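Only one structure is covered here, and it is reproduced in the block below.
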Amino acid sequence: MMKTAIYPGTFDPITMGHVDVVQRGLKLFDKVIIAVADNPKKSPMFDVQTRLDMVNATFTNENRIQTLSFDGLLVNLAQTHQATAILRGLRAASDFEYEFQLAAMNRKLDADIESVFVMAREEYTFVSSSFIREISSMGGDVNALVPAAVRVYLPQKGKK
Ligand code: ADP
């Protein structure tokens, strides 16, 4: 039977940390669905279509990855796509509390869907979308921390 995981996130924008999580997910699952959450409450910098475009432009040659955007309940989306796992990444202890609550809540909603956590490479442990947005808006160079396809979307473009 094919094992599918769903990787939900805001991806505002997708970073090398996210890419690393996806690659680890592909070692564990036959298919990874990257689900870009609309999340208007988070007031994302990029609208959901642009965030999805950046994800799509990052993974052009991987047929085991599916991408979509969503604004409903994650467990419903997982059920619709026959995903049996929710993939999430952990950076530091500071991620734990939120991820723990989220996993517990999702388990309450559907006990058959397992949350699975992976750690990205050490050099990406400090990488977050908010960090990328902040540094690039001040003209800092974050090129090594985002997929090539994302660079053109960042405000630092053209600056040094
Ligand atoms: P959300 O708003 O759902 O937290 P994010 O896009 O910020 O969405 O993150 C999605 C998931 O990816 C989270 O589980 C987050 O911990 C994980 N993640 C993000 N960046 C990294 C990284 N550098 N290393 C490991 N996991 C990461």
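Here I135 clears all of (1) in a loop (DSSP other than H, G, I, E, B); (2) more than 18 Å from the chain's Cα centre (by Cα); (3) among the aliphatic types (A, V, I, L, M) except the condition numbered (1). For region 106-132, the set of residues classified as without any contact (Cβ under 8 Å) to a residue 24 or more places away in the chain and more than 19 Å from the chain's Cα centre (by Cα) consists of R107, K108, A111, listed by residue number.
If you check A149, A103 for being closer than 16 Å to D12 by Cα, among the hydrophobic types (A, V, I, L, M, F, W, C) and either assigned to a helix (DSSP H, G or I) or in contact with a His (Cβ under 9 Å, 6 or more places away or on another chain) (or both), only one passes: A149. Scanning region 82-96 for residues that are under 28 Å from R121 (Cβ atoms), at pLDDT 95 or above and more than 15 Å from the chain's Cα centre (by Cα) returns A83, T84.
Tallying residues that are buried (at least 19 other Cβ atoms within 10 Å of the Cβ) and without any contact (Cβ under 8 Å) to a residue 60 or more places away in the chain within region 68-82 yields 1.
Within region 8-37, the set of residues being within 13 Å of the chain's Cα centre (by Cα) and more than 11 Å from the ligand (Cβ to nearest atom) comprises Q23, V32, I33.
If you take the residues of region 27-61 that are closer than 18 Å to V146 by Cα and of a type in the set (D, E), which of them is surrounded by the fewest Cβ atoms within 10 Å (Cβ to Cβ)? Ranking the qualifying residues of region 27-61, first place goes to D47.
Taking region 123-132 only, how many residues are assigned to a helix (DSSP H, G or I) and either touching a helix residue (DSSP H, G or I) at 6+ places or on another chain (Cβ under 9 Å) or under 21 Å from A83 (Cβ atoms) (or both)? Don't jump to the end; show me each part of the working.
Step one: list which residues in region 123-132 are assigned to a helix (DSSP H, G or I), which gives 123-124, 129-132.
Remaining after also requiring either touching a helix residue (DSSP H, G or I) at 6+ places or on another chain (Cβ under 9 Å) or under 21 Å from A83 (Cβ atoms) (or both): 123-124, 129, 131-132.
Total meeting the criteria: 5.
Identify all residues within region 107-122 that are more than 9 Å from the ligand (Cβ to nearest atom) and not in a strand (DSSP E or B); write none if there are none. Within region 107-122, R107, K108, L109, D110, A111, D112, I113, E122 meet the criteria.
The values are calculated or read from the model by the stated rules, or taken from the named source; none is laboratory data. This is a predicted model, so every value here is computed, not measured. Positions of Cβ are backbone-derived with ideal geometry, glycine not excepted, and every protein chain shown enters the neighbour counts.
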